Amino acid sequence: MGMTMTQKILAAHAGLDRVEAGQLIEANLDLVLGNDITSPVAIREFEKMGANKVFHRSKVALVPDHFTPNKDIKAAEQCKCVREFAKKMEVENYFEVGEMGIEHCLLPEKGLVVPGDLVIGADSHTCTYGALGAFSTGVGSTDMAAGMATGKCWFKVPSAIKFVLKGKPQGWVSGKDIILHIIGMIGVDGALYKSMEFVGDGIQHISMDGRFTMANMAIEAGAKNGIFIVDEKTIEYVLNHSSKSWTVYEPDADAEYDEVYEIDLSKIRPTVAFPHLPDNTRTIDEVGDVEIDQVVIGSCTNGRMEDLRVAAKILKGRKVKKGVRVIVFPGTQKIYLDALKEGIIEQLIEAGAVVSTPTCGPCLGGHMGILAKGERAVATTNRNFVGRMGHTESEVYLASPAVAAASAVTGKITDPDTLLKAD
Amino acid sequence: MKAKGRVFRYNNNVDTDVIIPARYLNTSDPKELAAHCMEDIDPDFVKNVKPGDIIVADRNFGCGSSREHAPIAIKASGVSCVIASTFARIFYRNAINIGLPILECEQAVKGIEAGDEVEVDFDTGIIRNLTKGTTFKARPFPEFMKKIMAADGLVNYIRTKNAGDGSPS
């Protein structure tokens, strides 16, 4: 019996010729990640373990991005704890405000993850790097601490669900719509404990930014990881961003999958997840009249260049509906700067949006755009749980940057095509 | 190792945002976190929970964010055990790592209601609903997990182990 992509990466990092689903292994880590929320707990555990140095100075990444720029005194204390630890341990990949970004936008941009890598991060959206053909998964702070101290982590080898993507997405349909469609189909625990492996000819029509969005939300189906086959676009991305050497793993032809889904990308419509779960999806044609108070465009899910370009394409020369608040937060300082140079930021501001420094802020109800009781937001983020973005009686609708931007103009959830035709 | 207490009963997909909302994550102090445990799904939880009480929920308990603050808040609130049909994987790992006992047992979940008195024997995996007089069997913890629980978490377990045989890990 052959192995899946994920199983091959795990076997290689455990020094084994082969592994099978359910097997417990200990594997070597290429990168251990933490942020300002999870790292302070990990640092405490690291010290309790009696560890006095990290396993590798260049294989630990610390990114204060959640409550930064420091939102209050307690958040400042947490960031200080991470900063001092990074300095003491001489961690090479510590990113201060000014050079930082939202961790899952930043690490690929900095070339810290390449195909075939094994990455753990104390943040559930660490699965983002599967877009690069790497195995990456979210863990808690104690696992992060043990990973920083030993460079190893134990795993139960996952089985997998295969998604064969065919055809070409039409119109405004993006990676966000595809992954929302898939989560709507299999449910928020549809891939619990498993890998989601994305293969098929349709992948060539999905940009790297779109693939990051899709792998990012694998956790919203309960998956351990989401992973894409490596193609020319992946190689081009890696050559442009990294000097690390990489290994391409392909699934064996006789690899075993728990389930196989064939998805025709040409049939997918812009998709929106209604409150309060990411699997509560409807196509844009089934949305009905949903008036909104706020639009959030950004996050580790949709804060990349392509996302900002799409938003600007729709908002350029138009005005945000009176009474609607639009908050755009680019994923990294580089994305912010590139968007400035392209004129995107100017277009967004002229339309009436506010542009924030990179931060996780509003996505998790931290700061910079919290919702009051009864308010509704369309967000390009990843979760719409009860109270996720503010008051427990507020509502979050998950959508693509195109739908979010069109909704900003009309004040209700809108198909971008409808908006453009109306003009 | 046993647990006994009154049951707080929840449905599917209890996420870590409702277990401990992000607005309280500017601290990692267990007592402060416990003061807001389950606040967004059950505002009375903190007021009513007593040491030893048990949380019982349906599928996918602990989904969402990787915040270890979630099992830390539950444990610090006095809860002795969480029983669910299934757990989200990161929560599962985190709970074991910090020494919060958790069991997967769908039959027990179906046979337990809010307020029931329940007793759990972690060595055998036997779950007794004392209120209804019914018994269920979950798969007991493997040996290494029992040791982690007995040591009150992975870090203490590693420390104790190292102190015992003198070898670094």
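Couple of notes before you dig in:
- Of all residues in segment B:6-34, those satisfying the criterion of being more than 7 Å from chain A (Cβ to nearest Cβ) and more than 18 Å from B:Gly78 (Cα to Cα) are B:Asn11, B:Asn12, B:Val14, B:Tyr24.
- B:Ala73 vs. criteria out of contact with any Gly (no Cβ under 6 Å at 6 or more places or on another chain), more than 10 Å from every other protein chain (Cβ to nearest Cβ), buried (at least 23 other Cβ atoms within 10 Å of the Cβ) and under 24 Å from A:Asn225 (Cα atoms): no
- Check on A:Ala311, crowded, with 17+ Cβ neighbours inside 10 Å, farther than 24 Å from A:Ala379 by Cα and more than 14 Å from chain B (Cβ to nearest Cβ): no
- Checked against the criterion of being small (Gly, Ala, Ser), more than 22 Å from A:Val230 (Cα to Cα), in a loop (DSSP other than H, G, I, E, B) and without any contact (Cβ under 8 Å) to a residue 24 or more places away in the chain, segment A:11-20 has at least one qualifying residue.
- The conditions of being within 19 Å of B:Pro71 (Cβ to Cβ) and touching a Phe, Trp or Tyr at 6+ places or on another chain (Cβ under 8 Å) are met by A:Ala145.
- Odd one out for B:Asp116, checked against (1) more than 10 Å from chain A (Cβ to nearest Cβ); (2) under 19 Å from A:Gly222 (Cα atoms); (3) charged (D, E, K, R); (4) touching a strand residue (DSSP E or B) at 6+ places or on another chain (Cβ under 6 Å): (2)
- When restricted to residues that are more than 20 Å from A:Ile102 (Cβ to Cβ) and surrounded by 18 or more Cβ atoms within 10 Å (Cβ to Cβ), segment A:52-80 contains 2.
- Test for A:Thr392: is it assigned to a loop (DSSP other than H, G, I, E, B), touching a helix residue (DSSP H, G or I) at 6+ places or on another chain (Cβ under 6 Å) and assigned by TED's automatic domain parsing to the domain that holds A:Val326: no
- Qualifying positions in segment B:105-125 - surrounded by fewer than 17 Cβ atoms within 10 Å (Cβ to Cβ) and without any contact (Cβ under 8 Å) to a residue 60 or more places away in the chain: B:Glu106, B:Gln107, B:Lys110, B:Thr124, B:Gly125
- Residues located in segment A:339-377, provided they are surrounded by fewer than 17 Cβ atoms within 10 Å (Cβ to Cβ) and not in a loop (DSSP other than H, G, I, E, B): A:Leu340, A:Lys341, A:Glu342, A:Glu346, A:Ile349, A:Glu350, A:Val354
- Flag for B:Lys50 being outside any loop (DSSP other than H, G, I, E, B), more than 9 Å from chain A (Cβ to nearest Cβ) and out of contact with any Phe, Trp or Tyr (no Cβ under 9 Å at 6 or more places or on another chain): no
- Any hit, segment A:139-146, residues being among the hydroxyl-bearing types (Ser, Thr, Tyr) and over 15 Å from the mean Cα position of the chain (by Cα): yes
- Among the residues making up segment A:62-81, those that are aliphatic (A, V, I, L, M) and within 12 Å of chain B (Cβ to nearest Cβ) are A:Ile73, A:Ala75, A:Ala76.
- Inter-residue pairs, beta-carbon under 7 Å, first at positive phi and in segment A:267-293, second part of a loop (DSSP other than H, G, I, E, B) and surrounded by fewer than 22 Cβ atoms within 10 Å (Cβ to Cβ), 6+ apart: none
- Checklist (1) part of a loop (DSSP other than H, G, I, E, B); (2) over 20 Å from B:Asn13 (Cβ atoms); (3) not hydrophobic (A, V, I, L, M, F, W, C) applied to A:Tyr193, failing item: (2)
- For segment A:387-423, a residue qualifies if it is over 20 Å from the mean Cα position of the chain (by Cα), in contact (Cβ under 8 Å) with a residue 60 or more places away in the chain and within 14 Å of another protein chain (Cβ to nearest Cβ), and exactly one does: A:Glu395.
- Residues in segment A:86-102 include none that are of a type in the set (A, V, I, L, M, F, W, C), within 14 Å of chain B (Cβ to nearest Cβ) and either more than 25 Å from the chain's Cα centre (by Cα) or on the phi < 0 side of the Ramachandran plot (or both).
- Residue selection: A:Thr137 satisfies the criterion of being polar (S, T, N, Q) and within 12 Å of another protein chain (Cβ to nearest Cβ).
- Test for A:Lys176: is it of a type in the set (D, E, K, R), more than 14 Å from chain B (Cβ to nearest Cβ) and within 30 Å of B:Asn12 (Cβ to Cβ): yes
- Checking A:Glu291, A:Glu250, A:Glu220, A:Glu262 one by one, the residue that is out of contact with any strand residue (DSSP E or B) (no Cβ under 6 Å at 6 or more places or on another chain) and surrounded by fewer than 16 Cβ atoms within 10 Å (Cβ to Cβ) is A:Glu250 and no other.
- Members of segment A:229-247 found to be surrounded by 13 or more Cβ atoms within 10 Å (Cβ to Cβ) and either touching a helix residue (DSSP H, G or I) at 6+ places or on another chain (Cβ under 8 Å) or part of a loop (DSSP other than H, G, I, E, B) (or both), listed by number: A:Ile229, A:Val230, A:Asp231, A:Lys233, A:Thr234, A:Tyr237, A:Val238, A:His241, A:Ser242, A:Lys244, A:Trp246, A:Thr247
The values are calculated or read from the model by the stated rules, or taken from the named source; none is laboratory data. These numbers were taken from a predicted model, which means no experiment stands behind them. When we count neighbours, we look across all protein chains shown, and the Cβ atoms used for this are built from the backbone with ideal geometry, even at glycine.
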